[in-house]
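Visitor: Quick one: the structure is below, and I'll ask about it shortly.
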Amino acid sequence: MDHIVKTESLTKKYGTKTAVNGISLHIGKGEIYGLIGKNGAGKTSLMKLLTGLTLPDSGSIELFGRADLNNARKNIGSLIEAPALYKNETAFENMKRFALLSQTPDGEISRLLELVGLSGTGKKKVKAFSLGMRQRLGIAVALLGSPDLLILDEPINGLDPAGIKEIRDLILELNRTGTTFIIASHLLDELGRTATRYGIIADGALVEELTPQELSAKCRALIKAVVHDAPYAASVLTRLHPDISLECVGNEIHIFSAIEDTSVLTEELVRNQVRVYELKIESKGVEDFFLERLGRSYE
Ligand SMILES: Nc1ncnc2c1ncn2[C@@H]1O[C@H](COP(=O)(O)OP(=O)(O)O)[C@@H](O)[C@H]1O
Ligand SMILES: [Mg+2]
């Protein structure tokens, strides 16, 4: 597999604090790598190392298969912490400033503003922009020069649900056309519907990596239904859901599944004359899984 990002034992210290502790990261082309960890875990520090904003104390970085990082980094767009924008200027004027380096023509600037949904802002100055609009302009700046890798640090921090959806759709759209992403977040929901892989970071170390499939397998819910006739209820559910995994325990059926909406199960049972006394979900969900991995102060 071709690696876009490869680090070996990357370590960064600030004084006595080890912010990044021996991280070996391998990210392939086309991935949306979700770096998740609570505040202070080391996400921003890792991203600063990748983009060259700081230097490592030890360990190595390879980008696009090259150790010549200065050139490789020309192919990276990043938004780390809040975007550094000129508040008294419009979106277009801001883009013009940042476009100097990549010599991006005006037509391309307009296209990027359109892409992030800011084409209608005209004479409006950035100081009058909402947080979401600023964030999107930050992403448009990061997109100058058509980078193959985008590194976004908490891109939806502080956005409302509509803003979150817009950013998420934009990420998916760019990913469809080949852009690889590393997105850091302390919120699972930010990554939940976009990441192709999760890297869990705690105390500067990469503690676990997993795909969404592996995550949902680990979070399989145990649904317990207390019914009048468990074997009959089981036969009804097996007929309706040939793939279902369940067992009968006394007057209960235990269903191992990631079914989100259990009311569907109740309805189906009742429709087939099964008396349902109780239906409860007992095992841990995705949030609980992360709570365990990241520590209780994760919210
Ligand atoms: N410039 C700095 N000087 C001193 N300590 C820092 C600096 N930047 C980050 N740290 C420390 O490194 C750790 C990781 O911080 P950071 O990478 O910002 O975490 P995250 O982005 O996951 O919230 C924290 O303990 C933080 O206080
Ligand atoms: Mg951070």
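The values are calculated or read from the model by the stated rules, or taken from the named source; none is laboratory data. Quick caveat, the model's predicted, so the values are computed rather than measured. Cβ atoms come from the backbone with ideal geometry, glycine included; neighbour counts cover every protein chain shown.
Visitor: For residues in region 175-190 being surrounded by fewer than 19 Cβ atoms within 10 Å (Cβ to Cβ) and part of a helix (DSSP H, G or I), which is nearest to ligand 1 (Cβ to nearest atom)?
Guide: Only one residue fits best here, namely D189.
Visitor: Do you know which of the residues in region 28-50 that are more than 14 Å from the chain's Cα centre (by Cα) and either not small (G, A, S) or not assigned by TED's automatic domain parsing to the domain that holds T211 (or both) is farthest from ligand 1 (Cβ to nearest atom)?
Guide: K29
Visitor: Here's a follow-up. Within the group L149, L112, which residue is of a type in the set (A, V, I, L, M, F, W, C), surrounded by 21 or more Cβ atoms within 10 Å (Cβ to Cβ) and free of Cβ contacts under 8 Å to residues at least 40 places away in the same chain?
Guide: L112
Visitor: Report every pair of residues separated by at least 6 positions or lying on different chains whose Cβ atoms are under 6 Å apart, first residue within region 51-64 and in contact (Cβ under 8 Å) with a residue 24 or more places away in the chain, second surrounded by fewer than 17 Cβ atoms within 10 Å (Cβ to Cβ) and among the basic types (K, R).
Guide: D57/K13
This table checks each residue for (1) among the hydroxyl-bearing types (S, T, Y); (2) within 22 Å of the chain's Cα centre (by Cα); (3) under 28 Å from I200 (Cβ atoms); (4) modelled with pLDDT under 90.
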{"position": "P242", "(1), (2), (3), (4)": "no, no, no, yes"}
{"position": "E247", "(1), (2), (3), (4)": "no, no, no, yes"}
{"position": "N251", "(1), (2), (3), (4)": "no, no, no, no"}
{"position": "H254", "(1), (2), (3), (4)": "no, no, no, yes"}
{"position": "S263", "(1), (2), (3), (4)": "yes, no, no, yes"}
{"position": "R275", "(1), (2), (3), (4)": "no, no, no, no"}
{"position": "I281", "(1), (2), (3), (4)": "no, no, yes, yes"}
{"position": "K284", "(1), (2), (3), (4)": "no, yes, yes, yes"}
{"position": "S297", "(1), (2), (3), (4)": "yes, yes, yes, yes"}
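Visitor: If the Cβ limit is 7 Å and pairs must be 6+ apart or interchain, which residue in region 272-299 that is basic (K, R) pairs with which residue that is modelled with pLDDT under 70 and crowded, with 16+ Cβ neighbours inside 10 Å?
Guide: K284/C219
Visitor: Of the residues that sit in region 87-103 and are touching a helix residue (DSSP H, G or I) at 6+ places or on another chain (Cβ under 7 Å) and loosely packed, with under 14 Cβ neighbours inside 10 Å, which one is nearest to L143 (Cα to Cα)?
Guide: K87
Visitor: Among the listed residues A205, A142, A225, which satisfies the condition of being more than 16 Å from ligand 1 (Cβ to nearest atom), outside the structural domain of T266 (by TED's automatic domain parsing) and modelled with pLDDT of 90 or more?
Guide: Being more than 16 Å from ligand 1 (Cβ to nearest atom), outside the structural domain of T266 (by TED's automatic domain parsing) and modelled with pLDDT of 90 or more holds for just one of A205, A142, A225, which is A142.
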